[in-house]
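To start, the structure itself, in structure tokens.
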Amino acid sequence: MHHPDEAPSILAAQRQAARRPALHNDLLQVAALHWALPPAQLQTWLPQPLVPDTFQGEAWFSVLALWSCHMSLLGPGGSRLPIPGVSNHPQLNVRAYARDPASGRAGVFFLENFVPRPLAVFFARRLFHMPYQRGDITLDHPATLPAGEVASGRLHTPAGDLAWSLRAQHDPAPAPRASLAEFVMERYDALDLQGSRVLEVGILHEPWPLQPCAIEALTSTLDPQHPQAPRLASLLAQSELRAAFYSPGAPTVIYTPQRARP
């Protein structure tokens with residue numbers, strides 16, 4: 001379960017202090033949709049030895065659609081080296097919430113990530129070994145979303161489309177402690193595998209201000225039987241959409257992968 005005594009952002013800052021920062025990336029204008037499913041169902045999508053991290057007995061996966069901006073490599077003294085061709089683009093992440101039983105580490109496990117630029121796919125796969133692929137993404141995500149206003153977007157793939165429309169219900173505020181919002185949004189490690197070793201990629205940013213959203217529309221024409229069907233096509237049929245949030249986002253530092261340790 002994910003109920004630390006201290007705020008997740010504070011624990012993350014303590015852990016990342018000893019790690020080497022690799023990348024700066026502003027993650028902005030974030031729409032986040034969250035589905036619940038039985039832990040045994042999610043387990044089929046996770047590689048061993050990872051297991052589902054649960055909230056109130058249920059497993060979860062999320063779709064985050066956002067703008068990735070000002071991406072740059074970090075050098076000595078915090079110097080930044082922009083990465084031509086991939087510094088600014090929309091992206092959509094499909095992430096599950098998982099734990100490594102051996103180390104006790106909990107984090108997100110990326111099931112798939114979509115970006116429109118082939119160069120961004122190449123860079124992310126080489127540097128972070130993440131499952132990136134091409135997808136056309138259209139975002140109508142404002143920098144600020146006043147209560148009552150709508151953010152919308154669409155992912156287009158060869159197997160079909162996913163489209164969403166969210167209406168903000170409140171002004172941005174921090175996630176309440178021990179809440180579903182904290183469980184799904186305050187995550188500061190990504191888990192990955194290298195052979196049989198579990199790796200963690202540190203992610204550090206200020207806690208995202210969150211706005212609970214009403215789901216005005218969610219439509220999917222993703223075909224699970226298509227030869228190029230994303231995993232998301234099957235996941236949507238196995239789960240129940242429970243919550244959505246919007247956030248203006250925050251500047252983010254991503255750290256070099258290292259072996260997961262207690």
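The values are calculated or read from the model by the stated rules, or taken from the named source; none is laboratory data. Note that the structure is predicted; figures quoted are calculated from it, not measured. Because the Cβ atoms are built from the backbone with ideal geometry, glycine has one as well, and the counts that use them run over all protein chains shown.
For region 135-189, what are the residues that are part of a helix (DSSP H, G or I) and either in contact with a strand residue (DSSP E or B) (Cβ under 7 Å, 6 or more places away or on another chain) or at pLDDT below 95 (or both)?
Result: Leu180, Ala181, Phe183, Val184, Met185.
Would you pick out the residues in region 190-230 that are more than 30 Å from Pro262 (Cβ to Cβ) and not in a strand (DSSP E or B)?
Pro209, Thr221, Leu222, Asp223, Pro224, Gln225, His226, Pro227, Gln228, Ala229, Pro230
Suppose the filter is touching a residue at least 40 places away in the same chain (Cβ under 8 Å), under 24 Å from His156 (Cβ atoms) and aromatic (Phe, Trp, Tyr); does Trp60 pass it?
The answer is no for Trp60.
When only residues in region 8-33 that are of a type in the set (Gly, Ala, Ser) and not in a loop (DSSP other than H, G, I, E, B) count, which is surrounded by the fewest Cβ atoms within 10 Å (Cβ to Cβ)?
Step by step, filter region 8-33, then rank; the result is Ala13.
Out of region 99-134, which residues are more than 26 Å from Glu182 (Cβ to Cβ) and either in contact with a helix residue (DSSP H, G or I) (Cβ under 7 Å, 6 or more places away or on another chain) or among the basic types (Lys, Arg) (or both)?
Val115, Arg117, Arg125, Arg126, Tyr132, Gln133, Arg134
Yes or no: Ser220 among the small types (Gly, Ala, Ser) and either under 19 Å from Leu46 (Cβ atoms) or free of Cβ contacts under 8 Å to residues at least 24 places away in the same chain (or both)?
No, not satisfied.
Here are the criteria: (1) within 30 Å of Arg125 (Cβ to Cβ); (2) in contact (Cβ under 8 Å) with a residue 40 or more places away in the chain; (3) of a type in the set (S, T, N, Q); (4) surrounded by fewer than 19 Cβ atoms within 10 Å (Cβ to Cβ). Tell me which single one Gln225 does not satisfy.
Against the list (1) within 30 Å of Arg125 (Cβ to Cβ); (2) in contact (Cβ under 8 Å) with a residue 40 or more places away in the chain; (3) of a type in the set (S, T, N, Q); (4) surrounded by fewer than 19 Cβ atoms within 10 Å (Cβ to Cβ), Gln225 comes up short only on (2).
Might you check whether a residue that is within 19 Å of the chain's Cα centre (by Cα) and farther than 28 Å from His24 by Cβ occurs anywhere in region 246-256?
Within region 246-256, none of the residues are within 19 Å of the chain's Cα centre (by Cα) and farther than 28 Å from His24 by Cβ.
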